[in-house]
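The next block holds one structure in the form of structure tokens; read it before the comments.
Quick note: the coordinates plus some simple rules give every number you see, no bench work behind them. If you're wondering where the values come from, they're calculated on a predicted model, not measured in any experiment. Glycine gets a Cβ as well: all are built from the backbone with ideal geometry, and neighbour counts include every protein chain shown.
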Amino acid sequence: SLVTAVGEGRLDGFIGTKIGNPETPGTAIFAEAARAAGFDPAGSFVAQAYDAAFLLALAIQKNGSDSREGLSAALREVATAPGEVILPGEWQKAVELIAAGQDINYEGAAGSHEFDEKGDVPGVVIETVIEGPGFKDVGPVQ
């Protein structure tokens, strides 16, 4: 509706960003499960909320407690490579690997959650451009 209101062609080349879910095995699995449960997986922050809850639960499991002490380090450990890849819904697999002392790497509903040295997780924001009558996704902001 923005392009229609302003006029097609007037915004060509403009860029924007939106919260996004890149095409990965985890996003596909989540999208299928979400649709089966009756909700839109592309809704604003739906996949990100799922990942936040799943990652927190994994970090608590890894930490052995829901105490704040050690939780931040555990969160990074379960979210960041290296480790056995865990996809959305693979809770039991993750618990078994953690109990066995193996590293895991959650690849989620909203994509990868690799923490950098500052604690940021890049790549969950999608760059868009306006072309003709609508928006086109370019890909994750790097």
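Here's how it looks for Thr128: its modeled amide H is under 5 Å from those of Gly16, Thr17, Lys18, Val138, which are all 5 or more places away or on a different chain. Highest mobility in the GNM of the chain, judged by mean-square fluctuation with C-alpha springs under 10 Å and restricted to Leu58, Leu87, Leu11, is found for Leu11. The amide H of Ile104, built 1.01 Å from its N in the peptide plane, has Glu84 as neighbours under 5 Å, considering only residues 5 or more places off or on other chains. Using a cutoff of 8 angstrom between alpha carbon atoms and counting only pairs six or more residues apart, the relative contact order for the range 21-122 works out to 32 percent. Quarter the surface of the alpha carbon convex hull of the range 21-122 and you get the mean projected area, 6.5 square nanometres. Take the alpha carbon atoms of the range 19-57, find their center, do the same for the range 79-134, and report the distance between the two centers in whole angstrom. What the calculation gives is 11 Å, centre to centre. Note on the chain: with a GNM built from Cα contacts shorter than 10 Å, the maximum mean-square fluctuation among Ala79, Ala57, Ala37 falls on Ala37.
In sequence order, the range 29-37 has phi-based couplings of 4, 5, 4, 5, 5, 5, 4, 5, 7 Hz under the Karplus curve 6.51 cos²θ - 1.76 cosθ + 1.60, θ = phi - 60°, and Gly or Pro positions carry x. Sorting Arg76, Arg35 from the fewest to the most surrounding beta carbons within 10 angstrom yields Arg35, Arg76.
Straight-line cross-link partners of Lys118 among the lysines, defined as a Cα under 27 Å from its Cα and at least 8 positions apart when in the same chain: Lys18, Lys62. Springs join every pair of Cα atoms under 10 Å in this Gaussian network model of the chain, and among Ala52, Ala31, Ala99 the largest mean-square fluctuation is at Ala99. Counted by Cβ distance under 13 Å from Phe54, the other residues give a net charge of -1, where Lys and Arg count +1 and Asp and Glu count -1.
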